[in-house]
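The values are calculated or read from the model by the stated rules, or taken from the named source; none is laboratory data. As the structure is a prediction and not an experimental result, all values here were calculated from the model. Counting neighbours? That spans all protein chains shown, and the Cβs are built from the backbone with ideal geometry, glycine included. Quick note on the areas: whole protein, heavy atoms, side chains included, nothing else; ligands and nucleic acids left out. Shrake-Rupley method; radii C 1.70, N 1.55, O 1.52, S 1.80 Å.
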Amino acid sequence: MPKRGKNYKAAAELFDKQELHDVDQAMDIVTKTAKAKFDETIEAHFRMGLDGRHADQQIRGAIVLPHGTGNTKKVLVFAKGPKATEAEEAGADFVGAEELATKIQKEGWFEFDAVIATPDMMSVVGRLGKILGPKGLMPNPKSGTVTMDVAKAIAETKAGKVEYRLDKTNIVHCPIGKASFGAEKLTENFNALAAAIIKAKPAAAKGQYMKSVTVAATMGPGVKINPAKIG
């Protein structure tokens with residue numbers, strides 16, 4: 001068991017860690033547990049009743065949260081010609097093609113938070129799968145990051161678009177904002193994310209879809225939400 005700091009222990013004493021809360025109650029509690037000197041990120045964790053080893057039980061998508069994430073993302077766009085110009089005009093932080101792929105491969109360059117690519121560039125980006133994939137940065141049509149409408153994709157990413165997907169432990173982890181947002185905005189962001197995950201329910205899903213749901217600040221304890229009260 002890792003040693004817990006004073007702030008964590010104090011936060012844990014604010015509520016019953018075994019109790020299941022309504023969404024708005026959970027957001028009120030989790031903002032009070034954020035006691036660090038920086039503006040802590042609030043993350044939602046959904047343990048799903050799925051088996052990600054099967055392709056027909058995968059979940060992956062993206063959504064623009066009503067109030068964003070509180071982070072300003074640096075966007076890298078793989079594009080050429082007019083689409084590269086469009087990306088630059090839309091506010092992309094980095095735009096390029098093979099030379100950027102080489103920089104990532106050879107120099108371990110990662111001064112970006114999101115990657116967007118036009119379909120014709122996927123032969124280049126595909127070579128980066130083993131590097132970008134584990135970091136959750138690989139462009140994908142399902143998340144809207146492989147597209148010809150690069151301007152829209154950049155605008156959505158900058159506005160607070162988040163990707164959600166089932167990991168190897170059948171959990172979906174996703175940020176829903178900052179502690180400074182307050183309970184009301186965090187509730188609205190959480191509800192938007194939860195609705196998207198519910199909508200993405202695979203036809204092959206059986207039994208309880210959301211087994212457990214927890215929200216937590218970066219340095220704080222998890223606050224449990226009653227799955228039956230979601231949606």
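The table below gives the values:
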| item | result |
| --- | --- |
| Selected from ILE59, GLY133, ASN226, residue furthest toward positive end of dipole (the chain; charges at beta carbon) | ASN226 |
| Cα-based equivalent ellipsoid, the range 147-189: semi-axes from gyration tensor eigenvalues, Å | 23, 19, 6 |
| Span-like helix ranges in the chain, DSSP H, alpha carbon extent 18 angstrom or more, Kyte mean at least -0.5 | 183-199 |
| Binned Cα-Cα distance frequencies in the range 102-178 - 10 Å width, integer % | 17, 48, 32, 3 |
| Mean-position separation - Cα centroids, the range 75-133 and the range 169-199, in angstrom | 28 |
| Accessible area per residue in Å² at 1.4 Å probe, computed on the range 100-196 | 46 |
| For the range 105-231, diffusion coefficient by Stokes-Einstein and Kirkwood Rh (Cα), 20 °C, 1.002 mPa s, µm²/s | 127 |
| Share of carbon and sulfur in the accessible heavy-atom surface of the chain [1.4 Å probe, %] | 51 |
| Kirkwood estimate for the chain, i.e. one over the average of 1/r between Cα atoms, Å | 19.0 |
| Candidates per GluC sites (Glu not before Pro) in the range 35-123, loop by DSSP, up to 13 other Cβ within 10 Å | GLU111 |
| Filtered trypsin sites (Lys or Arg not before Pro), the range 117-177: DSSP coil and at most 14 other beta carbons within 10 Å | LYS168 |
| Two-decimal Rg/Rh across the range 48-154, once Rg and the Kirkwood Rh are taken from alpha-carbon atoms | 0.99 |
